[in-house]
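Comments concern the structure below.
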Amino acid sequence: MPNEETLSRRGLLVKLGLLLNGLVAAALAVPVLRYVLSPVTRGRGNAFLQWVSLGRVSEFPEGETRLATFRNPNVMPADGETVATACWVRRIEGEKFQVFAINCAHLGCPVRWFQQSGLFMCPCHGGVYYSDGSRASGPPERGLFEYAYKVKDGLITIEAGEIPTPGTPTAALDQERPPCA
Ligand code: FES
């Protein structure tokens, strides 16, 4: 028959086990909750989204599409040169721009701009986009993703930090944007 000391030790171990289980459950619940709530919390005070400069407006001739790079604000110390992120900048006229993510809307390969044909083409599976970023043909189900941009004091800046996807605020803006002439 167990004595009182054995019982109190067993009770203590049970309580300790319950406490440890609770701590582990809480640690596992945090990332799960963040994932579940991300559609709601995304874009609200996102510390990673920042306005970064692409350079002077005059560097982008009207009617042309040029490759630009910016420093991704969402960096880790070990990222090295990978923080340099490319995008396509289309200057329509004056201060009217479109800034496209370089990543194909299908599986993310970098698309290339061909001035002669006026098309963006993806080397991976043959996705093709028109000059305004809208889908022309191939596997992508939509046009290129666009960054939100601002022009101030002769500089063009974009809201960078995340590659735009259908869930990001910038992509949502992009879908509300009226079609380009
Ligand atoms: S990644 Fe571009 S078409 Fe598949």
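Here, each number is a calculation from the coordinates, and none is a lab measurement. All values reported here derive from a predicted model rather than from experimental measurement.
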Kirkwood Rh and Cα-based Rg: tell me the resulting Rg over Rh for region 67-123, rounded to two decimals. 1.04
Residue by residue through region 21-27, the couplings from Karplus 6.51 cos²θ - 1.76 cosθ + 1.60 with θ = phi - 60°, in Hz, x for Gly and Pro, are 4, x, 5, 5, 4, 5, 5
List the residues whose amide H sits under 5 Å from the amide H of Ile92, counting only those 5 or more places along or on another chain, with H placed 1.01 Å from N in the peptide plane. Gly63, Phe97, Gln98
When the Karplus curve 6.51 cos²θ - 1.76 cosθ + 1.60 is applied with θ = phi - 60°, which whole-Hz ³J(HN,Hα) does each residue of region 11-20 get, with x for Gly and Pro? x, 5, 5, 4, 5, 5, x, 5, 5, 5
Dimensions of region 50-176 along principal axes (Cα, Å, largest first)? 37, 37, 28
Nonlocal amide H pairs with Cys109, under 5 Å, H built at 1.01 Å: Cys104
Once phi for every residue in region 59-67 is put through the Karplus expression 6.51 cos²θ - 1.76 cosθ + 1.60 (θ = phi - 60°), the whole-Hz ³J(HN,Hα) values, with Gly and Pro written as x, are 6, 10, x, 4, x, 10, 10, 10, 7
5 angstrom amide H check on Leu119, placed H, neighbours 5+ away: Phe114
